[in-house]
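The values are calculated or read from the model by the stated rules, or taken from the named source; none is laboratory data. Nothing here was measured: the structure is a model prediction, and the numbers come from that model. Cβ placement follows ideal geometry from the backbone for every residue including glycine, while neighbour counts extend to all protein chains displayed. Surface accessibility is based on the protein's heavy atoms, side chains included, excluding ligands, DNA and RNA. Shrake-Rupley method; radii C 1.70, N 1.55, O 1.52, S 1.80 Å.
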Amino acid sequence: MEPRSAAAVGRDFPYTAGTTCYIEIHEDGRVTHGDSRAAYERAVAGKSRLFAVWPGQWSSDLFEIDDLDEYAKAHGLKHDQDRTGLNEHVHDVQWTEDTAYNTNPRSPYISIDLTMTCGCEIRDLDAFAKQIRQQRGWDVATSVGWSRSGGPEGMTYSLRVRRKSLGA
C-alpha cells in the first residue's frame, strides 16, 4: 500500500497535532523521527523524504509530506499571514495592565489587554510571541491560556507577559 498525499488533504492535514508522528527516510536508508527544521531542510534539498503517521480512532494512515511549503508554514518555518493573522511588519499595539488578575506584585508575569492598532489579528500565539519579542523584547507566555474579545473598538487580546520585558 502506498502512502497517502498530505498535499491532497490540504490545510486540514494536522501538521502540528501532538499525535502526528513524523518519520524521515534519509538518502542512505537511515530512518529517524521528529519534525525539526533540519529535517525540513534536508527534505527540501532532496537528501531525505518526510512521512507522517496520522492516527485515527481505529487505524492510522501513513502520509507522504509532499507539500513542504505547507509543512514549513504550519511549523512556523515560513511566515503564513493567513494562518497567523499577522503581517510581517513592526506591530503597532496598545496595551493596559489587567489589574483584576495581577494581585501579586512579585509575580514575574502579568496579565495585559492588548489591541493591535496596526490592523493585524492574532490567530497563532506562538507566531505573535516570536514577532513581538524581536520587535519589542516582550516575553509573552505561550504555555497558558489567552483569549480575545471583540467590540466597537476592535479586537482585544488578553495575554500573560513577563513583567520585566514590558519595560524593555
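What is the number of the single condition among (1) modelled with pLDDT of 90 or more; (2) within 30 Å of Ser48 (Cα to Cα); (3) open to solvent by less than 30 Å² (accessible area, probe 1.4 Å) that Lys130 does not meet?
Result: Lys130 passes all but (3).
Tell me yes or no: at least one residue of the range 16-28 is open to solvent by 80 Å² or more (accessible area, probe 1.4 Å) and of a type in the set (Val, Ile, Thr).
Among the residues of the range 16-28, at least one is open to solvent by 80 Å² or more (accessible area, probe 1.4 Å) and of a type in the set (Val, Ile, Thr), which makes the answer yes.
With respect to His75, determine if the residue is closer than 30 Å to Ala39 by Cβ, modelled with pLDDT under 90, of a type outside the set (Lys, Arg) and open to solvent by 60 Å² or more (accessible area, probe 1.4 Å).
No: the conditions fail for His75.
What is the number of the single condition among (1) of a type outside the set (Val, Ile, Thr); (2) under 26 Å from Thr16 (Cβ atoms); (3) in contact with a Lys or Arg (Cβ under 7 Å, 6 or more places away or on another chain) that Gln81 does not meet?
(3)
Any residue at all in the range 98-113 that's within 30 Å of Asp35 (Cα to Cα), open to solvent by less than 50 Å² (accessible area, probe 1.4 Å) and modelled with pLDDT of 90 or more?
Checking the range 98-113: not a single residue is within 30 Å of Asp35 (Cα to Cα), open to solvent by less than 50 Å² (accessible area, probe 1.4 Å) and modelled with pLDDT of 90 or more.
Can you pull out every residue in the range 29-54 that is part of a helix (DSSP H, G or I) and open to solvent by 60 Å² or more (accessible area, probe 1.4 Å)?
Arg37, Glu41, Arg42, Val44
Could you check the range 142-159 and list, in sequence order, the residues that are under 10 Å from Leu114 (Cα atoms) and either open to solvent by 60 Å² or more (accessible area, probe 1.4 Å) or over 22 Å from the mean Cα position of the chain (by Cα) (or both)?
Arg148, Met155
For the range 88-97, name all the residues that are open to solvent by 50 Å² or more (accessible area, probe 1.4 Å) and not aliphatic (A, V, I, L, M).
Across the range 88-97, the qualifying residues are Glu88, His89, Asp92, Gln94, Trp95, Thr96, Glu97.
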